[in-house]
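*Asks:* Take this structure first; my questions come after.
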Amino acid sequence: MFMAKFPVINSRKLIKVLQSLGFVLDHSTGSHFIFYNFQTKRRAVVPCHNKDIPRGTVMSILSEARISKEEFKKFLT
């Protein structure tokens, strides 16, 4: 079975996905926004630069927030 590559996205799209999954902006430090989900007690740190976030960084953010790839891909469309 062929697996498509994980998409490369920008920080605005990633923030929209996190917000639709219940994350709220807790605070920002420099060019990074720290989001927190009060229900799951998880956080996600999103770099806010004017370019795409590398796949590995997106995977790390999802891992930190304990969001599965499948759950994440549902919100990208």
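The values are calculated or read from the model by the stated rules, or taken from the named source; none is laboratory data. On a predicted model such as this, the values are computed, not experimentally measured, just so you know. All Cβ positions, even for glycine, are placed from backbone atoms using ideal geometry, and neighbour counts span all protein chains on display.
*Asks:* Go through region 62-77 and give me each residue that's modelled with pLDDT of 90 or more, assigned to a helix (DSSP H, G or I) and buried (at least 19 other Cβ atoms within 10 Å of the Cβ).
*Replies:* Result: L62, A65.
*Asks:* Pull up region 25-50, narrow it to residues that are in contact (Cβ under 8 Å) with a residue 24 or more places away in the chain and farther than 16 Å from S11 by Cα, then point me to the one that is surrounded by the most Cβ atoms within 10 Å (Cβ to Cβ).
*Replies:* By that ranking, first place goes to N37.
*Asks:* Moving on to the next point. If I53 satisfies every condition in (1) touching a Gly at 6+ places or on another chain (Cβ under 8 Å); (2) surrounded by 13 or more Cβ atoms within 10 Å (Cβ to Cβ) but one, which is the exception?
*Replies:* The number of the failed condition is (1).
*Asks:* Sort through A44, A65 and tell me the only one that's among the small types (G, A, S) and in contact with a Lys or Arg (Cβ under 8 Å, 6 or more places away or on another chain).
*Replies:* Going through A44, A65 in turn, the sole match is A65.
*Asks:* Identify, from the list S28, S11, the residue that is among the small types (G, A, S) and touching a His at 6+ places or on another chain (Cβ under 9 Å).
*Replies:* Every option except S11 fails the conditions.
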